[in-house]
Amino acid sequence: MSKKDALIQPDRGQDATPIHLVTKDNFEAWLKPLSAGQRASLKAQKFEGKPAQVGIVPDGDGWFAAGGVADPAKLTSWCLAKLAEDLPGGTYRLVEHDPGAALHGWQTAQYKFARYLKPDDTAAGPRILLSTKAKHLDDAIAQAEAENLVRDLVNTPAEDMGPAALEAEFEKLAKAHDAKLKVVKGDALEREYPMVHAVGRAAARHHAPRLLHLSWGSEKYPVLAIVGKGVCFDSGGLDIKPASGMKLMKKDMGGAAHAIALAQLVMGAQLPVRLHLLVPAVENAIAGNAFRPGDILSTRKGLTVEIGNTDAEGRLILGDALTRASEEKPDLIVDFATLTGAARVALGPDFPALMTRKDATAQALIDAGKACDDEPWRLPLPAAYAEWLKSDIADTNNTHFNGFAGASVAGLFLDKFVGEGIDWAHFDTFAWRPSAKPGRPAGGAAYGLRATFHMLRARYGS
């Protein structure tokens, strides 16, 4: 998006429709100076200054807007999102306040996944919000674009967002930031990343599996590895999912979408890191050559894995990718994955489960998330549960069978493939919003993305 077309722009005194921010507590005092006609108009709209309420107030030959918020002095990411959704197209300016953190929701509220829709001539035009703090606009635009990128990638059906399409996203990213891209597939994939190959080998040729590896930044800087689960569609394999469980499986590459978007933010901000972005991209399909329950897979790390369930495939491909990331001796590995239903049962869709080896890393991510309205929730990696992954005929099983602590046990499986002593954070994210909230439409969604970027910026500076 060009700066000219951006939904937030510097306030240089240009013509704009005023927006008055009102609270429920000060509503009556704010109402008193208005004319009888203006008060009647607001009453007809049932506007009372409650959060997320929107009012249109006639004013001579024009009008101004009123928006209900909890506290105009402490705007959060989503405080102005309902205004951005409901107001007519045009340019707007807050009266007496600067939007601050609410710049994010103003932009993301206007997102629409329209790839497969005919143009809508009746849709409202862009709603542009002015801000006097121009130096923050580029950062706010970048974060909104990253969040909307996650939405676009996740919302796209699997036929158009298979492994090759993820590779195309890597190519765009590499070109935009002068990064190096390596793609491993075919016989080389089977040799170097055997679990990635095994999971993806049953897919049709145009959805063939691959390992995508982008590197960027000076080698003098600390290594940051970002890894994302790229299961572009998950049938469950031979342990096939029911139709209800397969319905949303286009989103099973949501971890890859988060990883790509985070890498875009890191490179765009020129963080002083040596970045390695790794995504194992596969379709977990069913065919005569599909991997089976009971098979023993070899791995890049040299461990053997007994397959207890072919629907626990995401942890397999991540295992090989985390091994490769560890070989760079990183200062930090962050991975994102739509990994377990157990995390959703525990935390619902809005909070990504976070697992880390180090308490300080967890706290830094939680604090960053609270500050930008993108809070993760920490789950444990209890060593006592590692025995549940034991196998009698291999070094480990890929799943456990008692039904307890599914998210944590999946995290413990991944932990086996992260190098000893490496600082590591794992996000088990839903990547999907079942129902809309202001600024957050139903469909593909980013959870933990901004929290991680804010933490990385604090950790490495820019």
Worksheet item: Taking only pairs six or more apart or across chains, which ones have beta-carbon atoms under 8 Å, a first residue in region 181-196 that is within 17 Å of Arg315 (Cα to Cα) and in contact (Cβ under 8 Å) with a residue 12 or more places away in the chain, and a second residue that is among the polar types (S, T, N, Q) and crowded, with 20+ Cβ neighbours inside 10 Å?
Response: Pro194/Thr299; Met195/Thr299
Fill in: Candidate set: region 176-216, residues that are open to solvent by 30 Å² or more (accessible area, probe 1.4 Å), touching a strand residue (DSSP E or B) at 6+ places or on another chain (Cβ under 8 Å) and assigned to a helix (DSSP H, G or I); chosen: the one nearest to Val273 (Cα to Cα)
His177
Worksheet, complete the sentence: Checked pairs for region 25-40, first within 22 Å of Pro72 (Cα to Cα), second basic (Lys, Arg), C-beta under 8 Å and 6 or more apart or across chains, list as Leu31/Arg39
Discussion item. Out of everything in region 291-324 that is within 25 Å of Gly403 (Cβ to Cβ) and small (Gly, Ala, Ser), what residue ends up being most open to solvent (accessible area, probe 1.4 Å)?
Written reply: Gly294
Worksheet, complete the sentence: When region 426-454 is checked residue by residue, the ones that are more than 19 Å from Pro349 (Cα to Cα) and open to solvent by less than 10 Å² (accessible area, probe 1.4 Å) are Phe453
Discussion item. Please count how many residues of region 118-147 are closer than 19 Å to Gly13 by Cβ and free of Cβ contacts under 8 Å to residues at least 40 places away in the same chain.
Written reply: 3
Worksheet, complete the sentence: Matching residues in region 121-147 (assigned to a helix (DSSP H, G or I) and open to solvent by 30 Å² or more (accessible area, probe 1.4 Å)) number 7
Fill in: Residues (open to solvent by 50 Å² or more (accessible area, probe 1.4 Å) and among the hydrophobic types (A, V, I, L, M, F, W, C)) located in region 331-381
Val345, Ala346, Phe351, Ala360, Ala371, Trp377
Discussion item. Looking only at region 236-250, filter to residues that are open to solvent by 10 Å² or more (accessible area, probe 1.4 Å) and not hydrophobic (A, V, I, L, M, F, W, C); which one of those is farthest from Ala431 (Cα to Cα)?
Written reply: Asp239
Practice prompt. Consider only pairs whose beta carbons are under 8 Å apart and that are at least six residues apart or on different chains; among these, list those whose first residue lies in region 245-267 and is without any contact (Cβ under 8 Å) to a residue 40 or more places away in the chain and more than 18 Å from Pro163 (Cβ to Cβ) and whose second residue is buried (at least 22 other Cβ atoms within 10 Å of the Cβ) and of a type in the set (D, E, K, R).
Written response: Met246/Asp234
Worksheet item: Out of the residues in region 80-98 that are farther than 14 Å from Arg127 by Cα and in contact (Cβ under 8 Å) with a residue 40 or more places away in the chain, which is most open to solvent (accessible area, probe 1.4 Å)?
Response: Glu96
Worksheet item: Across region 403-422, which residue is farthest from Asp331 (Cα to Cα) among those that are assigned to a loop (DSSP other than H, G, I, E, B) and open to solvent by less than 10 Å² (accessible area, probe 1.4 Å)?
Response: Phe417
Response to the item:
So, first residue closer than 30 Å to Ile240 by Cα in region 269-288, second residue open to solvent by 10 Å² or more (accessible area, probe 1.4 Å) and assigned to a strand (DSSP E or B), Cβ within less than 6 Å, six or more apart or across chains; the pairs are Leu278/His213; Ala281/Arg210; Glu283/Phe233
Worksheet item: Being within 18 Å of Ala102 (Cβ to Cβ) and either open to solvent by 30 Å² or more (accessible area, probe 1.4 Å) or β-branched (Val, Ile, Thr) (or both), is that true of even one residue in region 27-49?
Response: no
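Do any strands (runs of 3 or more DSSP E) entirely within region 1-120 hold 1 or more residues that are among the aliphatic types (A, V, I, L, M) and over 30 Å from Glu375 (Cα atoms), and if so, which?
54-59, 62-68
Hey, does region 435-446 have a residue that's part of a helix (DSSP H, G or I) and touching a residue at least 24 places away in the same chain (Cβ under 8 Å)?
Keep residues of region 435-446 that are part of a helix (DSSP H, G or I), which gives none.
Scanning region 435-446, I find no residue that is part of a helix (DSSP H, G or I) and touching a residue at least 24 places away in the same chain (Cβ under 8 Å), so the answer is no.
The values are calculated or read from the model by the stated rules, or taken from the named source; none is laboratory data. Every value quoted in this text rests on a predicted model; they were computed, and no experiment measured them. Glycine gets a Cβ as well: all are built from the backbone with ideal geometry, and neighbour counts include every protein chain shown. SASA here: full protein model, heavy atoms, side chains in, ligands and nucleic acids out. Shrake-Rupley method; radii C 1.70, N 1.55, O 1.52, S 1.80 Å.
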